[in-house]
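Below are the structure tokens for one structure; questions will follow.
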RNA sequence: GGUCCCUUCGUCUAGUGGUUAGGACACAGGAUUUUCAUUCCUGCAGCAGGGGUUCAAUUCCCCUAGGGACUGCCA
């Protein structure tokens, strides 16, 4: 049975879902699941000027990719719909009307121009900014006359004077505001749409939201919301405000400072379970001496508690995310990673489009690469030599390994390899061992030049696994090329 | 400017009125490995500052400094 815990994530479709929003969604999700409650997705699209067509799709995709699913929402429905605010405008109008009638709200006929002049004046004279409440005491018949003339107007909440508004925040504790510093906030706009404040409060009540877990930026609005609940005669939900996520330089997270959008992380080849885990630990910890850091979604659900959410803003440490992503990469099967990597290889033209991602050779390449990679895109550049023969050799390694003696060694090995019956890595290793032993040459003297010859670089997967994947033909041809290269270099050197 | 919030290693954090202030990432060194990576070990590094309260304060209170949010007919 579901508990009466109901929480919601309520994004505005004004752009991509950034990691801060994703973490708010994540905490809502974890809290709901932990408590056996309901997680709701609600779209707050009351600002028609900032609405972006694709934003909703991107929000859904981001959350789904992360593994955050909702019990009620625009696409899945639910008993409290609609879950899109632009489809609920009548409800907000009705409630605004109710407040007008009960004397908790009033019509304001001030023009945007007047408000702007007012703000400028206040700023110039170093006065506290805010609406001067000119329309608050407009005589009833004057208000009625303007209304009858269809004068554009808005509806404002009548904030009571000389009150102390107190509420408890689950993360920050008791918070108090003097009502005098609170503006008569706008409930309905000229265009007939509600503001966030009205729509949010009406919906949270109508949808029986028990806990409002939202971003820090709302904390200053909360006392106004409390007053709104009071005006309606409703009991406010329990509030918890999540701290912000900052970029490495301590500023706001933005696209310019790396990725900010959840989908950017997806496209860069981060694994959703890694981002999920990482985000959960950003501003939240297990506490109680529990030092686990790598936790599955199920584990996180079973231990999550709002009391352990830190009130402090935290810096998004990309390095730590990478580390954690690497942990999850190594845990994934190579076939599942192939789904993500192979498209990049196809894009490079290294793999024919028709090749299935589950192709055994491709999966073998991933076997060799995944332990050395922190994200999917790392497996693109580092896979180059699996698909194309090196066009140049790492300079430092050339000086070290492509010495004159290497010519004979590589030539011998080339000969032996071309006659090898098995190209399986254990067999190749035995072949190298025998050859080395017969001439009394150290293993490393054989291995390093070979690696450089076939890959062009001095580092990478185990040599014999590498040779096995490349295959006899490629290996021999690359060895020939390298031999010619060394001969040429030696000749040039002796000439000069 | 005003209101509110925040402050433990570079970063994420645990933690307590008495601890050698713990872990993780990063960084440095070492071991293992044919190389790289992994793994393991070691090291580096922190309670913003100043007052109180107290036998004792990183922990409680106040002030200062620094940071942030809000201050829209945006959310």
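FYI, it's all coordinate maths here, none of it is from the lab. Please read all numbers here as calculations on a predicted model, not as lab measurements. When we count neighbours, we look across all protein chains shown, and the Cβ atoms used for this are built from the backbone with ideal geometry, even at glycine.
Cα centroids of the stretch A:434-496 and the stretch A:187-218: how far apart, whole angstrom?
A separation of 68 Å, based on Cα centres.
Given contacts defined as C-alpha pairs under 8 Å and at least six residues apart, what's the relative contact order of the stretch A:189-240, whole-number percent?
Relative contact order for the stretch A:189-240 comes out at 46 percent.
Could you state the number of Å between the C-alpha centres of the stretch A:296-356 and the stretch A:138-152?
59 Å
Using alpha carbons only, how many degrees (0 to 90, rounded to 10) separate the axis of helix A:112-124 from the longest principal axis of chain A?
The answer is roughly 80 degrees.
With the contact rule set at Cα under 8 Å and sequence spacing of 6 or more, what percent relative contact order holds for the stretch A:393-467?
46 percent
How far, in nm, would the chain grow between residue A:127 and residue A:179 when pulled straight, counting 0.36 nm per residue and subtracting the alpha carbon separation?
Numbers: separation 52, 0.36 × 52 = 18.72 nm, distance 1.75 nm.
Extra length from residue A:127 to residue A:179 when fully extended: 17.0 nm.
Give the peptides A:350-358, A:294-302, A:9-17, A:473-481 in descending order of average Cβ contacts within 10 Å, highest first.
A:9-17, A:473-481, A:294-302, A:350-358
Additional query: Can you grab the distance from the C-alpha centre of the stretch A:24-42 to the C-alpha centre of the stretch A:43-75, Å, no decimals?
Between the Cα centre of the stretch A:24-42 and that of the stretch A:43-75, the gap is 16 Å.
Let me make sure I get this right: for the stretch A:93-232, a, b and c are the square roots of the gyration tensor eigenvalues over alpha carbons, sorted descending. Under 1.5 in a/c it's rounded, otherwise prolate if a/b > b/c, else oblate. Which is it?
oblate
Of all DSSP beta bridges in chain A, what percent run antiparallel (nearest 5)?
55 percent
Which angle between 0 and 90 degrees, to the nearest 10, do you get for helix A:89-101 versus the longest principal axis of chain A when only C-alpha atoms count?
30 degrees
Where does helix A:222-232 land angle-wise versus the long Cα axis of chain A, in degrees 0 to 90, nearest 10?
50 degrees
Same structure, new question: Is the stretch A:269-428 rounded, prolate or oblate when judged by the Cα gyration tensor, a ≥ b ≥ c being the square roots of its eigenvalues, rounded requiring a/c under 1.5 and prolate requiring a/b larger than b/c? Mind dumping the intermediate values first?
Working: a/c = 2.79, a/b = 2.25, b/c = 1.24.
It comes out prolate by the Cα gyration axes.
Also, I was wondering about something else. Compare the peptides A:67-74, A:122-129 by average per-residue count of other Cβ atoms within 10 angstrom and give them in order, highest first.
Ranked by mean Cβ neighbours within 10 Å, highest first: A:67-74, A:122-129.
If you don't mind, there's one more thing I want to ask. Could you tell me whether the stretch A:377-480 comes out rounded, prolate or oblate from its Cα gyration tensor? Rule is a ≥ b ≥ c as square roots of the eigenvalues, rounded for a/c under 1.5, then prolate if a/b exceeds b/c, otherwise oblate.
Judged from the Cα gyration tensor, the stretch A:377-480 comes out oblate (a/c at least 1.5, b/c at or above a/b).
Ranked highest first by the average count of other Cβ atoms within 10 Å around their residues, in what order do A:132-140, A:148-156 fall?
A:148-156, A:132-140
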